[in-house]
Structures are given as structure tokens and as C-alpha cells.
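Peer 1: Have a look at the structure that comes next, please.
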Amino acid sequence: MLLGGAGGVLLGMAAAGPAQAAEVSYATKCVPPAASGLDPVNGTTKVEITAPVTAKVGDEVDVVWKFTQAASKNPDLIDLPANSVQPSGVLKAGGAQSADIAMVGPRENPAIPKGGAMVLSDMKGKVKLTTAGDVTLTPDAYTINAFGTDTKCAPTETVQPSVTIKVTAGDGGSPTPTPTPTTSTSPSPSPTPTDSGSPSPSSTPSDGGQTDFTGKLVQVPYKCVTPIGDKEVTSPIQINAKKNGGSYDITVQFKGSVMDSPADLPADSVKPSMEVVLGGSDTGTVHVEGPANTEPIKTGDAMTISDMTGTYKPGATGESTLAPGVLTVNALGTTTTCTPTTTMVSLTLDTEEQASGASGGSSTSGGTTSGSGGTSTSGGLANTGAENNGALKALGLVAGTAVLLGVAVFTFMPGRRRLR
């Protein structure tokens, strides 16, 4: 898919001269999501870059990237809802100063019918000018995010600079160039990752009569098997507990929305469950379940994972840890299974052994403890959920036929409609 679109350019240049704009075109290769099973597609990108004509060393100036031509129209397979597509990319600064300028556009687009022209929002970024001389701006690779998946596009030829900023010496400038942060395919801020070290103060091993225990938020890297392919994601999860006699009522919470629903989902169609992994003094897993959605979810509405609850009966005395484990989501007759690639402890409890507790107990279901011995693999994967607070976007791929057709967004060329 080679997406493009037009739109007005609104630009405010701080402490800089008048604006200039120039268009450049270049051959581009776009790689669709792996789950689509489609081959890469070659086309031509045309973009217009807007930047100030002149500026001084020390100025931080705004730049705008506008797509002016797409290589193809939206395939005649699925309508794209409004505000469902977001671009991000890299603008290269060269000449007197070298830098990668991160460019990001808002998730703003009109509804795009099957066969209609693709429209992307304008991408914007900033660059601090550090060296006097001519600074050129050249468009480079960019990524299109839609339905929780990325299409990556990169030049296949040397791209010519679009505009040149004439930078003069000025007070407060630095003779040494300061690199501009590189682009991110997940422009929206995500929750600050936490490690699997010591728990938060509220979950200290010595409860001293405490009954409520709040776990820390952990970023859990998952490898998910979905109906249309594998997906690597990272999710922010928190485990809390309330003491109930010798046992604990466990609540597992996903923080934030998973994503915007790519299709209309009826009530009682999405149901999550998880096996919480025990460690430290105890072994086994705790099965927790969440209720199905009670209301229909319309296309574009926020999708969330309901709180999952269960009961933990300790099978050992000492410090026992609880970590998010295998997550299963059933939706419209399909199943997505996500397995953590590393153990991330959210909660530590001071436990006392109970009869038929977790360690050595028999496996049960329906929100109770299993003594089967929960395990997880090691070797964490990189965070891949920058947009949408790093949430579990893979779940957007399980909403039945409508979502499977959503992959057709990335078919690029007529006739290429196969799915694995």
C-alpha cells in the first residue's frame, strides 16, 4: 500500500523566516503486514515539504510533510472508517547539519470507501538548527498504521532534497550539531515501563494485618497467535489482591484501551481469561476470567479488556509472587492466545500454606488455583505498541470476518486478496 492524500498545511515558524514549500517524488517499496500474506509493492510517493526559507543557529523550527499523491486507491474490499489511519516517518536533514527529524501525523482521515482515494493527515515535526550554512530537508521512510498493524514504506532510489533552509549564525547557537530524536512507529506516549524487581510498597511481604494489596504496573511482552498470524505486543498490566481468610481475591487489570474497534461487535462476543503465574515460595497458576462485553461495541469505539478475577489459595508459606501469564481472548468464535516472553512480577504477598493450596494441588478451572506449575519463556521482545499506550493491539485481529477483511486494507494492488 502506498498511501497519500491532500490537506491544508498550517505552519507556524518560531523565530524563523517566511515559509517555503516544494514537492519531491521518489520510487518507494511498501511492505504490508506479514499476516496479510501479500508481496511487497513498488510505487511512487509524492510529498510536499514546508519549512522556513531562513533561520538562525539556535532556532527550533517547524516542518510539515504533506502527501500529495498515492500509488493506488483503497482496494474495493473494505471501507476504512474515519480517523482510523495514522502516518509517521523520518525527514532527513543534510548539508550543514545532519539529523533524523521525527514526523508524526494525527489519526485523522475521512471515511474512505472501497475504491476511494487514500487520504493521510499531514505529518509535522521540529528540528533545532545547530550549524550555519545550507540545511537540506529530504523525505525518507514512513509507516502507515491502521487496524493495529503497520505498513512500512522506504525509498528504492536516492531521494532529492525538497527544500533548503539558509541558516545564519546567531546568539545561543552551538557549534556542534545536536541530533534530533529519530522517528517512532508508535508516536503516542505509552505508560512508563517497569521492571520485574521489587514490588511497590503497598505489596510488601510483611502485611502487618493489611488486607488490600496493590501491585505495580508492569509492561508484559507477549507473543500472540491470532487467527490471521502471529503478533508481538507489549501490554501494561497490574495485579491486585484482597485477603479473604487464608486466601486472596485476585484482580488482573489491563490499563487503558486496547484499541479502537475495527468492526461492529455484538454484546457478549469478547471474553478474556488468564493464567496468573505464581513464583517465589509458591508454584502453579491462578485462573482468572473477565466478563464478556455487556454492550455492543461499534466500529471506532474503544476496546478494553474487562477486569479478570479469581481466587488464590496459597500452597506455601513465605514470599509468593504473582505475574501475568498466558492470556486467552475468545471473540466471535475465534481464539487468540498470547504467551509472555518473560516473567514480569506485579505483586508479592506474604503467604501461609493452605490445605489443597497451589503448590502440588490439582488443576482446576473457573477462577481457582492450579498447581500444574506455571512457566514462561525468557528473552524479552522489544516494545511494539507505541501508538495507543503500547496496548495489546493483537486483540484487534480477532473480531471475526470483519477484521479478517480489515487486513485487505493492505492489499495494495487489485487481485491480491489472498489471506493466509
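Peer 1: Could you grab me the full set of residues in the stretch 247-264 that are at pLDDT 85 or above and touching a Lys or Arg at 6+ places or on another chain (Cβ under 7 Å)?
Peer 2: Those that are at pLDDT 85 or above and touching a Lys or Arg at 6+ places or on another chain (Cβ under 7 Å): 247, 248, 249.
Peer 1: I'd like the full set of residues that are modelled with pLDDT of 75 or more and either open to solvent by 80 Å² or more (accessible area, probe 1.4 Å) or part of a strand (DSSP E or B) (or both), limited to the stretch 157-182.
Peer 2: 157, 158, 160, 163, 164, 165, 166, 167, 168, 169
Peer 1: While we're looking at this one, here's another question. Please enumerate the residues belonging to the stretch 95-120 that are open to solvent by 70 Å² or more (accessible area, probe 1.4 Å), touching a residue at least 40 places away in the same chain (Cβ under 8 Å) and among the charged types (D, E, K, R).
Peer 2: Across the stretch 95-120, the qualifying residue is only 114.
Peer 1: When the residues of the stretch 304-343 are narrowed to those that are of a type in the set (A, V, I, L, M, F, W, C) and open to solvent by 20 Å² or more (accessible area, probe 1.4 Å), which ends up farthest from residue 245 (Cα to Cα)?
Peer 2: Of all residues in the stretch 304-343, those of a type in the set (A, V, I, L, M, F, W, C) come to 305, 308, 316, 322-323, 326-327, 329, 331-332, 338.
After this cut, where a residue has to be open to solvent by 20 Å² or more (accessible area, probe 1.4 Å) as well, the list is 326, 332.
Values: 326: 27, 332: 38 Å.
Taking the candidates together, the pick is 332.
Peer 1: Do any strands (runs of 3 or more DSSP E) entirely within the stretch 277-325 hold 2 or more residues that are among the small types (Gly, Ala, Ser) and more than 24 Å from the chain's Cα centre (by Cα), and if so, which?
Peer 2: 318-323
Peer 1: Also, quick follow-up: Here are the criteria: (1) at pLDDT 50 or above; (2) in contact with an Asp or Glu (Cβ under 9 Å, 6 or more places away or on another chain); (3) aliphatic (A, V, I, L, M). Tell me which single one residue 402 does not satisfy.
Peer 2: Answer for residue 402: the failing condition is (1).
The values are calculated or read from the model by the stated rules, or taken from the named source; none is laboratory data. This one's a predicted model, so the numbers in the text were calculated from it and none came from an experiment. Cβ coordinates were reconstructed from backbone atoms using ideal geometry, including for glycine residues, and neighbour counts include every protein chain displayed. Ligands, DNA and RNA are stripped out before the accessible areas are found, and what is left, the full protein with its side chains, is counted by its heavy atoms. Shrake-Rupley method; radii C 1.70, N 1.55, O 1.52, S 1.80 Å.
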